[in-house]
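The values are calculated or read from the model by the stated rules, or taken from the named source; none is laboratory data. The structure presented is a predicted model; accordingly, all values stated were derived computationally and were not measured. Positions of Cβ are backbone-derived with ideal geometry, glycine not excepted, and every protein chain shown enters the neighbour counts. Each accessible area value is taken on the protein alone, full model and side chains, heavy atoms only, with ligands, DNA and RNA left out. Shrake-Rupley method; radii C 1.70, N 1.55, O 1.52, S 1.80 Å.
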Amino acid sequence: MTRFRQASDRLVDADTAVRRAEADRLAAVAAMIDAYPAPTPIVESPAAERVVSAGAEGAGAVGEFVALEVGALLGLSEPAAWSLVHDVANLRSRHPLLWAAVAELRVEAWQARKVALAAEELSAEAARWVDAELAELWGVVAWPRIRRRLAGLIVRADADLARRKAEIARRDRFVSIRHLGDSTSVLTARMDTAAALTLEASLDMIVDQMILEGAQDRLPVLRARALEMLATPPLPDAAAPNPSPGLPLADVVVHIAAEALDTAATDATNVARVAARGGDVGPVLLDQLAHLLGHHRIRVLPVTDLAGDPSADAYEIPDRIRRQLVIREDCSVFPYSTSRSRTADLDHTIPYRRSTPGSPAPPGQTRISNLGPLSRREHRAKTAGIWTLSQPEPGVYEWTNRAGRRWTVTRGRTTEFRDRSDERIDLVYTSCVALG
């Protein structure tokens, strides 16, 4: 029993250490919000930093680039960093009792953030009422029970808001498809309940037929197969007297590495990257393309020499240069960014110099080795001079923030340089790695 007691004590101590570290992390983010310098325009342009709300009503304000600082320090994308900043600002201003419970280790940080997120649309007064109603539960009631109580309290706190959200949910139906990169995808949808019941009945009819025919898979697998059958009916027979019209076909761009086009190659592991209208499908073995793309028209993108450094003399970026850069840099080149380069700004690392009377613009400024994709806010922070960037060689982006901390981003990999005394520690994270 002594050994078991020691193991039990160790587990409790480890859990306490995790809670303390997470609580300290939230407190440190709060200190960052308080210490972040008030925005002062370094440049008189639309890139200048603005003051924005730090969270929901009553949570205060902060400079809009604070999330870039927090994200770079913690290895988070900008959206994830903003989520953390918002939650911290909301917790300490709108849920002071819960904020204290986190500091006292009576509640885990992730649970507190769930509460802050669930209540963020409430007024500050309503949020504090919810905070007071939950105060006596922390540390003595299991989280699932608190979560159920929280849902009811939010409805009671603002019944009109609850009705509006229900109406918005009915109106804002959607279907989202996320490709996992392993030849499977995740489909998420919000739809009218009557239509969902009809779809469910249709799937069950197909599943029942599968079972009668001897299918042995688990019910969730059978339902997935049934949905696949609804989505991909048999292709029309062109030889039939009255062939049924074919499905609407989407264009698909397939990026194939040059070596994969060698017909003499016997390597069965050649990989293509498939980009459909809804987004990247991910890496696909060449021998799987027929199955994957049987219902699509296929357009093969010409092989691009990524080692080249094409240039243009205009500020505007030609499609050929844009295409090459987007293939090389799948994501933004800001530290830990997850913004996809397809929708990003293409920034000139060395700012573009336009022609002036008596001083023509230098040639070749718009070139691969002087460009990098950035999200709009990342681009503005760099233009405003709050972050500085250099590209010592093509595809290597060296960033420095206003505190002098440095990061290097190369092909989606972020290396952080931390100086402690005379020792330099290199930490490498992968945020978004280009394929192919």
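The apolar share of the surface of region 1-152, taken as the fraction of accessible area on carbon and sulfur atoms (1.4 Å probe, ligands and nucleic acids excluded), comes to 57 percent. Could you work out, for region 353-402, what percent of all Cα-Cα pairs fall into each 10 Å distance bin, beginning at 0 Å and stopping at the bin that holds the largest distance? Whole-percent P(r) values from 0 Å outward: 22, 42, 31, 5.
Qualifying chymotrypsin sites (Phe, Trp or Tyr not before Pro) in region 311-415, where qualification requires a DSSP coil assignment and no more than 15 other C-beta atoms within 10 Å, comprise Tyr315, Tyr352.
When restricted to Cα atoms, region 57-179 yields an Rg and a Dmax of 15.9, 43 Å, respectively. Between Val140 and Ala201, the distance separating the two model label sites (each 7 Å from Cα on the Cα→Cβ line) works out to 5.0 nm. A viscosity of 1.306 mPa s and a temperature of 10 °C, combined with the Kirkwood radius over Cα pairs in Stokes-Einstein, give a translational diffusion coefficient for region 115-156 of 153 µm²/s. Segment Leu161..Ala132, full-extension length gain: 8.5 nm, with 0.36 nm per residue of separation and the alpha-carbon distance subtracted.
Between the alpha-carbon centres of region 150-189 and region 1-43 there is a gap of 31 Å. Once C-alpha pairs closer than 8 Å and six or more residues apart are averaged by separation and normalised to the residue number of region 1-152, the relative contact order reads 21 percent.
Contact order for region 144-238, expressed relative to its length and based on alpha carbon pairs under 8 Å spaced 6+ residues apart, stands at 14 percent.
3J(HN,Hα) along region 346-360, derived from phi through the Karplus expression 6.51 cos²θ - 1.76 cosθ + 1.60 where θ = phi - 60°, amounts to 9, 8, 7, 4, 8, x, 5, 9, 7, 5, 10, x, x, 9, x Hz, with x in place of Gly and Pro. With coordinates expressed along the principal axes, the C-alpha atoms belonging to region 87-135 extend over 27, 17, 14 Å, beginning with the largest. For region 1-139, the C-alpha radius of gyration sits at 1.24 times the compact-globule guess of 2.2 N^0.38 Å, with N the residue count.
Here the alpha carbons of region 136-202 define both size measures, Rg and Dmax, at 17.6, 48 Å. Residue by residue, region 187-201 carries 3J(HN,Hα) couplings of 10, 10, 8, 10, 9, 4, 4, 4, 5, 5, 5, 5, 4, 4, 5 Hz when phi is fed to the Karplus relation 6.51 cos²θ - 1.76 cosθ + 1.60 (θ = phi - 60°); x denotes Gly or Pro.
A 1.4 Å probe, protein heavy atoms only, puts the accessible area of Met191 near 90 Å². Computed log10 I(q)/I(0) for region 316-383 at 0.16 Å⁻¹: -0.55, from the Debye equation with unit scatterers placed on every C-alpha and solvent omitted. For region 20-121, the list of GluC sites (Glu not before Pro) that fall in a loop by DSSP and count at most 15 other C-beta atoms within 10 angstrom reads Glu44, Glu104. Taken one residue at a time, the phi angles of region 112-129 give Karplus couplings (6.51, -1.76, 1.60, θ = phi - 60°) of 4, 5, 4, 5, 4, 5, 5, 9, 5, 8, 6, 5, 4, 5, 5, 5, 5, 5 Hz. Gly and Pro are set to x.
Rolling a 1.4 Å probe over the heavy atoms of the protein chains gives region 128-236 an accessible area of 72 Å² per residue.
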